[in-house]
Amino acid sequence: MSLECYQCKKEVHRWNDATVLHAIAWNEPLFILLKHAKCLQCSPSRSQHIIHPQFEPVVDDRPEFDKRLWSDPESDVYKKHGPEFIEECTMRYTGAWVVMQEKYKEENPIFETQPKKKENDERSNN
Ligand SMILES: [Zn+2]
C-alpha cells in the first residue's frame with residue numbers, strides 16, 4: 001500500500017514517511033492515525049536529524065527549525081531543552097529511521113541491512 005504526500009503529492013512509502021518516523025522516534029503510535037502521510041524530503045525539520053551513511057543529509061534552513069542554531073545558548077530550543085537535545089534528536093530520529101527501513105524492507109529496494117564490506121573482500125582476494 002502506498003500513500004500520497006500531502007505536500008508534494010508524490011507517492012510516500014512507509015519507509016519514507018515522516019509521520020511514521022515521528023511516531024517511532026517519540027513513541028507516539030497514534031500520531032500515524034492523526035496525521036497525513038508526508039515524505040521525509042518534505043519534512044526537513046525531522047529528517048535533518050537522520051545521520052546515516054544510507055541517508056542523504058538534509059538541512060532545514062528555516063530559522064524556527066534549523067537544528068544548527070540550537071547550540072546557541074540564546075536559542076529557544078537550547079533554553080527549553082538544554083544542550084543535549086540535538087544529540088537526543090539525532091539518536092531518536094536516526095534510530096527510528098533504521099527501524100523503519102528494517103520494518104518495511106520488503107517494500108524498499110534501496111536499503112541494505114548489511115553494508116557491503118567491499119574493502120575487506122578486495123583485500124582477501126589479493
Ligand atoms: Zn513530499
Signed unit charges on C-beta, dipole axis of the stretch 2-109, positive-most listed residue P63, H81, A37: A37
Projected area, mean over directions - the stretch 2-109, Cα convex hull, nm²: 7.0 nm²
Size of electric dipole in the stretch 2-109: Cβ of Lys, Arg +1 and of Asp, Glu -1, about Cα centre, debye, nearest 20: 260 debye
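Within 10 Å of each residue's Cβ, count the other Cβ atoms and sort K38, K80, K10 from fewest upward. Numbers along the way, then the final one.
On the way: K38 23, K80 9, K10 12.
Arranged by neighbour count, lowest to highest, K38, K80, K10 become K80, K10, K38.
Each reported figure results from applying straightforward, stated rules to the coordinates on display, with no laboratory input. Here the structure is a predicted model, which means the values were calculated and not measured. Positions of Cβ are generated from backbone atoms using ideal geometry, with glycine treated the same way; all protein chains shown enter the neighbour counts.
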